Amino acid sequence: MKRVILCAVILLVIVLLCVASLVTVSRYQYVFAQEIHDLEQAIYQKTFEQLSAQAAQMSREWMDAEHVLIRFIRHTQLDEITSAMSRLEMLAKYGDLSQFSAELSRIKTLLHHIYDSELPFLRNIF
């Protein structure tokens with residue numbers, strides 16, 4: 001009987017950790033999607049310096065988020081986002097708005113892909 005209870009407790013802990021990781025990924029995906037939307041709206045409304053500062057702030061926030069996400073997300077996906085985030089500040093600073101918009105779209109797509117790949121669907125398991 002003790003073994004059954006121990007197995008149930010272990011299973012419960014595993015399920016809780018999975019739910020916590022999914023909630024964390026979902027929260028970060030939502031937050032950064034909002035920030036990307038704000039940057040997309042600011043492209044033609046702000047100066048290059050203001051846009052660059054906003055992109056740098058988002059990049060710093062991403063670095064903090066990456067330290068949390070790296071515990072349960074594949075590193076290659078996070079590295080792609082980090083690489084794209086690091087380019088945003090200079091693209092905005094030097095006024096390359098088309099490439100800036102493309103990188104924002106790429107980051108948004110990668111974030112959505114990470115979230116989608118963490119959902120417990122059969123296509124993600126097999």
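The values are calculated or read from the model by the stated rules, or taken from the named source; none is laboratory data. Just so we're clear, the structure is a prediction, and the values are computed from it rather than from any experiment. Here Cβ is always computed from backbone atoms with ideal geometry, including for glycine, and neighbour counts include all displayed protein chains. The accessibility values were calculated without ligands, DNA or RNA, using every heavy atom of the protein model including side chains. Shrake-Rupley method; radii C 1.70, N 1.55, O 1.52, S 1.80 Å.
Some notes on this structure:
- Positive minus negative residues near residue 96 (Lys, Arg vs Asp, Glu; Cβ under 12 Å): 0
- Using alpha-carbon coordinates, inclination of helix 2-42 to the longest axis of the chain, degrees: 10 degrees
- Taking each DSSP H run with n ≥ 4 as -39500 (n - 2.57) and averaging over every residue of the chain yields -30000 deg cm²/dmol at 222 nm.
- Label-to-label distance, nm, for residues given as residue 106 and residue 9 (7 Å Cα→Cβ offset): 4.9 nm
- 3J(HN,Hα) along the stretch 80-85: 5, 5, 4, 4, 5, 4 Hz, from the Karplus curve 6.51 cos²θ - 1.76 cosθ + 1.60 with θ = phi - 60°, whole Hz, x for Gly and Pro.
- Those chymotrypsin sites (Phe, Trp or Tyr not before Pro) in the stretch 25-72 that DSSP places in a loop and that have at most 15 other beta carbons within 10 Å: 44, 72
- Formal net charge of residues neighbouring residue 118 (Cβ-Cβ distance under 13 Å; K, R +1; D, E -1): +3
- For the stretch 31-93, the Cα-based Rg and Dmax, in that order, read 12.2, 38 Å.
- The stretch 33-57 and the stretch 63-115 have Cα centres separated by 14 Å.
- Options 102, 88, 22, ranked by Cα towards positive dipole end of the chain, top entry (Cβ charges): 22
- Taking θ as phi - 60° and the Karplus parameters 6.51, -1.76 and 1.60, the scalar couplings of the stretch 65-74 work out to 5, 4, 5, 7, 5, 5, 6, 9, 10, 4 Hz in sequence order, x denoting glycine and proline.
- Residue-count net charge about residue 48 - beta-carbon cut-off 14 Å; Lys, Arg +1, Asp, Glu -1: -1
- Ordered by solvent-accessible area of protein heavy atoms (1.4 Å probe), largest first, the residues 123, 3 come out as 3, 123.
- Selected from 71, 60, 27 as most flexible by GNM, with the chain as the system and alpha-carbon contacts under 10 Å: 71
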